[in-house]
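Reading through the structure tokens given below for one structure.
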Amino acid sequence: MFKFTLTLAALAAAASAGAAAQGPDSIRQRPTFELALGGFVTDHDAAIRVDSAALGRGTELDFADDLGFDLSKTVLRADAIMRLGDSGRHRFDASYFRLSRASTTILEETVQFGDQVFTYSADLDSQFRLAIAKLNYTYVVSRGMNHEFGVSAGVFMADVDLGLTAPDFGLSEREAVTLPLPTVGLRGQTEITERWTLKASTDLFFLETDDIAGSLADLRLSAEFAVTDHVALGAGYYYVTSDIEYTGSRDTLSLGYDYSGLVVFLNFRM
């Protein structure tokens with residue numbers, strides 16, 4: 001995260017220097033709308049625990065070691081930018097991707113998941129689904145011919161669904177929750193040449209209430225090459241780390257989830 005913060009700081013410094021050197025006539029008119037569609041090769045590491053009001057503290061389950069999930073998968077990812085107004089100061093960013101996992105394994109220990117206890121040596125079927133949707137508003141504090149830099153606020157929406165089934169014992173338990181996490185962050189981009197653009201962003205969440213507590217950091221760095229005025233080919237790297245505890249009406253979910261990966265995409269500009 002330290003290296004990524006340095007990248008954003010460098011973009012901010014470039015933005016400030018550029019703003020001082022450029023006059024009002026040197027503002028670049030950037031696309032009103034951008035839609036990037038690509039393949040996201042994700043690697044993730046996760047652990048989950050679901051406590052029960054009736055049974056108490058649950059067992060912490062590692063997705064790979066305990067549930068046998070494959071931790072790498074390629075999924076479709078969509079990212080969009082919309083700039084509003086003639087000033088170029090206001091923009092909205094949105095992102096979405098979804099991944100799912102399924103596995104069958106033999107339990108090496110007795111585990112408690114929510115209101116169910118799955119015994120040692122049972123055959124366990126597991127299904128996991130995660131959908132991430134993000135929406136951010138950015139106010140561009142500095143912009144010029146070769147840069148754009150702003151501060152943002154938004155929501156990181158995580159839809160988490162994990163189901164465990166032991167068919168031989170007729171046992172099943174499912175935990176599904178949607179976590180709306182308010183975030184603040186930074187966004188910046190710089191046009192290195194007429195065809196090459198470098199973009200970076202970070203979104204952060206730190207909160208503690210009666211229902212939800214924890215932290216999240218969402219980092220992105222990408223580069224794009226303009227093939228035409230309306231189409232660019234790009235590649236980027238994403239990294240998200242989170243540690244969230246959510247208290248519902250009947251149980252408490254603790255989720256530690258990290259994912260990262262490379263994305264290759266086409267960006268359609270209008």
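Cut-off 10 angstrom, C-alpha nodes, Gaussian network model of the chain. Which of Gly188, Gly85, Gly248 fluctuates the most?
Maximum among the listed residues: Gly85.
Taking the Cα centre of region 150-263 as origin, work out the dipole magnitude from +1 charges on Lys and Arg Cβ and -1 charges on Asp and Glu Cβ, in debye rounded to 20.
So the dipole magnitude of region 150-263 works out to roughly 460 debye.
Can you tell me the dipole magnitude for region 52-208 around its Cα centre, using point charges on the Cβ only (Lys, Arg +1; Asp, Glu -1), in Debye to the nearest 20?
My answer is approximately 1200 debye.
Mind telling me which of Ser72, Ser249, Ser222 comes out most flexible in a GNM of the chain, alpha-carbon contacts under 10 Å?
Evaluated over the chain, the most mobile residue of the options is Ser249.
Once the dipole of the chain is set up with Lys and Arg at +1 and Asp and Glu at -1 on Cβ about the Cα centre, which of Thr59, Ser152, Leu262 lies farthest towards its positive end?
Ser152
Which angle between 0 and 90 degrees, to the nearest 10, do you get for helix 2-21 versus the longest principal axis of the chain when only C-alpha atoms count?
20 degrees
I want to make sure I understand the PRE zone here: with the label point 7 angstrom from the Cα of Thr193 toward its beta carbon, which residues in region 109-152 have backbone N atoms less than 18 Å away?
Label zone hits: 146-147.
When P(r) over Cα pairs in 10 Å bins from 0, in percent is calculated directly from the model, which label among [x] 6, 24, 27, 18, 11, 8, 5, 1, 0; [y] 7, 30, 35, 18, 7, 3, 1, 0; [z] 6, 27, 29, 19, 12, 6, 1, 0 fits?
[z]
Where does the chain land at 222 nm, in deg cm²/dmol rounded to the nearest 500, when only DSSP H runs of n ≥ 4 count, each adding -39500 (n - 2.57), divided by all residues?
It comes out at -2500 deg cm²/dmol, rounded to the nearest 500.
Between Gly144 and residues 5 or more places away or on another chain, which pairs have amide H atoms under 5 Å apart, with H built 1.01 Å from N, and which residues are they?
Arg28
Among 102-109, 140-147, 172-179, how do they line up by average Cβ neighbours within 10 Å per residue, starting with the highest?
Most protected by this proxy first, the peptides run 140-147, 172-179, 102-109.
Could you compute the FRET efficiency for Ser260 and Tyr139, with r as their C-beta to C-beta distance and R0 at 30 Å, rounded to 0.05?
Using R0 = 30 Å, I get an efficiency of 0.60.
Identify which of Glu148, Glu224, Glu194 has the largest mean-square fluctuation in a Gaussian network model of the chain, with springs joining Cα atoms closer than 10 Å.
Judging by the Gaussian network model, the answer is Glu194.
Rule-based calculations on the coordinates, nothing more; no lab input. Only a predicted model underlies this, so the values are computations on that prediction, with no experimental measurement involved. Ideal geometry is used to build each Cβ from the backbone, glycine not excepted, and the neighbour counts take in all protein chains shown.
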